[in-house]
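See below for the structure under consideration.
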Amino acid sequence: MTRTIYVLNGPNLNLLGQRQPEIYGHDTLKTVEDLCRANCAEGFDIRLLQSNHEGQIIDWIHEARHAACAIVINPAAYTHTSVAILDALNAFEAPVIEVHISNVHKREAFRHHSYVSLRADGVIAGLGIEGYAAAVRRVCSLLG
Ligand code: DHK
């Protein structure tokens, strides 16, 4: 049976490829989806989702409790603000990998803290969209 990796994306990532390309690059979320799928091992698939709404992301994390074998999440700005997303991830019992397209540590001080990192099994920042591919590969190797 195919195992599904949820690839969750937070606010403004629907504009990937259009907003601040000097920071986030020119590729779109569709390219991210294709890249993630191409990096899945046999027996795995991905479900890529994006929302600008915190509650929707929390609902998807709850859904993932019974529907996903792992979560790859770029919470975008919610990384730095959302105790609620952290709490939802703490109720998810399989691997969680946190991804940031940009190197958040090289940017404003408010981006240096992540609530999600308190739960994440791995954190990737600054690899551009290749960070998603690395996260998917890591999940597949962790879960065999
Ligand atoms: C994306 C965002 O939208 C920012 O709010 C984060 C993250 C960084 C990224 O690099 O993917 O601070």
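So the values come out like this:
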item	result
Residue tally, condition near the ligand (Cβ under 10 Å from one of its atoms), of a type in the set (Gly, Ala, Ser) and farther than 21 Å from Asp27 by Cβ, over region 60-119	1
Residue match in region 124-133 (condition: in contact (Cβ under 8 Å) with a residue 40 or more places away in the chain and not in a helix (DSSP H, G or I))	yes
Ser51 vs. criteria free of Cβ contacts under 8 Å to residues at least 40 places away in the same chain, touching a Pro at 6+ places or on another chain (Cβ under 9 Å) and buried (at least 16 other Cβ atoms within 10 Å of the Cβ)	no
Pairs, first over 14 Å from Ala125 (Cβ atoms) in region 95-115, second within 7 Å of the ligand (Cβ to nearest atom) and not acidic (Asp, Glu), C-beta under 8 Å, six or more apart	Phe110/His80; Tyr115/Thr79; Tyr115/His80
Test: residue in region 29-45 that is of a type in the set (A, V, I, L, M) and within 12 Å of the ligand (Cβ to nearest atom)	yes
Enumerated helices (runs of 4 or more DSSP H) restricted to region 1-104, each holding at least 1 residues that are closer than 19 Å to Glu130 by Cβ	21-24, 29-38
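Each reported figure results from applying straightforward, stated rules to the coordinates on display, with no laboratory input. Treat the numbers as computed from the prediction; the structure is a model and nothing was measured. Cβ atoms come from the backbone with ideal geometry, glycine included; neighbour counts cover every protein chain shown.
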